[in-house]
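Here, each number is a calculation from the coordinates, and none is a lab measurement. Fair warning: this is a prediction, and the values are worked out from it, not measured in the lab. Glycine gets a Cβ as well: all are built from the backbone with ideal geometry, and neighbour counts include every protein chain shown.
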Amino acid sequence: MEQILSQVSGILTPAGFFALVNVMLIDIVMSGDNAIVIGLATKTLHGAERKKAIAIGVMLATVLRIIFACTAVMLMKVIGLKFAGGILLLYVAWKFYSELRAEKHAGQADGKTGSVRSLAGAIWLIILADVSMSLDNVLAVAGAAGENLLILGIGLVFSIILMAVASSYIAGKMDRYPQIQWLGLLIILFVAIEMILSGSNELDKKVFHVNILPFTCIVLGIIGFQLHTRYVKPASEEKIASWFSGNWKGIFIAGLLLLTSLCFFGDKFHGFFVSHPQALYLALAIIFFLFIEVISILRSQRQR
C-alpha cells in the first residue's frame, strides 16, 4: 500500500506529471504505428472477420506489451534486441509492399482490388509487427517513466484504448482512400529504419566497436533487390507513360520547386538529414526501390 501511495504521490510532482505527459505523447505516436499495421493487415477483410482480426490484433499487442512491460528493465539490457526488432519490422514492411504491388497489378488486369488476405494471414502479419513495435513502445515508455510503475501502467492502458479505436478507423478509411495504404507503409518503414539505426549504434558501441551500418545496408540492399526481382512484377510502361503525360505539369512544377529549394536552403536540408538520419535513410530506401523498378522494367523489355 505504501508503494502504491508513493507511486501516486510521484505522479503529483512536476517531474512525475511531465513524465506521464511524455509517456502519453510517446503512446500517441507509437500506438498509431500499431494501429496502421492492424489497419493495413485487415483492409481486405470485411464485416465480422475484420472486427475479429482487429480484436485479436489489439489483444495480442496488449499481451505483448504487458509481458514486455513486466520485463522492461531486463529487456533494456539485452544488446541487439532493438536491431533484431527493426529487421523483423522491415520484413513486415516488405510483405505489405509486395502485397500492395500484387493488388495493383490485379486491379489493372481485371478491374478488381486483388486477392483477399485470409483471417489467419492478417493475424500472422499483426503478430510479426506487434513483436517489434510493442517492444519499441515499451522500451521508449519505460525510459520515459523511469521507475514509476504506475505511470507505465497508465501508459499501457492509454495505448490499448488508442489502438482499439484507431485501427478500426484506419481500416475503414483505407477502403475509401487506398492511397493511405502507401502512407502507412512509409510510416512502418520509417519506424523499422529508426529501430535499425538505434540498434546498430548500440551494437557498434557495446559489441563490434566498428560501424556495422554500411555492411547492414549492403546486405539488406542485396536481399531487397533479389526479393523485388523474384516476387514483384514490373510496372506497366503504358501506365507509367500515361501517368507522366497526364501529370507532367505538376511534375515539372514540383521539380522546379525542389531545385529552387536546394539552391536557397541546401544547408538547412543538409543539417536536417544530418540530425535526422532516419529521414535520410528513408529517402535513400525509396530511391533504391525506384532504381530497382527501373531495372526491372528494362529487363522485362529485353525479354520480350
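Summary table below
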{"quantity": "Whether the range 177-281 is rounded, prolate or oblate, judged on the alpha carbon gyration tensor where a/c under 1.5 counts as rounded", "calculated": "oblate"}
{"quantity": "Stretch gain in nm, segment Leu220-Val78, where the contour uses 0.36 nm per residue and the Cα spacing is subtracted", "calculated": "48.8 nm"}
{"quantity": "Cα gyration tensor category, rounded, prolate or oblate, for the range 196-255 with a/c compared to 1.5", "calculated": "oblate"}
{"quantity": "Fewest-first sequence of Val210, Val294 by Cβ atoms within 10 Å of each Cβ", "calculated": "Val210, Val294"}
{"quantity": "Proximal lysines to Lys206, defined as alpha-carbon separation beneath 26 angstrom and excluding residues fewer than eight positions away on the same chain", "calculated": "Lys77, Lys82"}
{"quantity": "Neighbour-count ranking [beta-carbon atoms within 10 angstrom, fewest first] of Asp136, Asp204", "calculated": "Asp204, Asp136"}
{"quantity": "Förster radius 30 Å - calculated FRET efficiency between Ser98 and Glu202 (Cβ-Cβ, nearest 0.05)", "calculated": "0.50"}
{"quantity": "³J(HN,Hα) computed for each position of the range 235-248 - Karplus, 6.51 cos²θ - 1.76 cosθ + 1.60, integer Hz, glycine/proline x", "calculated": "5, 6, 4, 5, 5, 5, 4, 5, 5, 5, 5, x, 10, 5"}
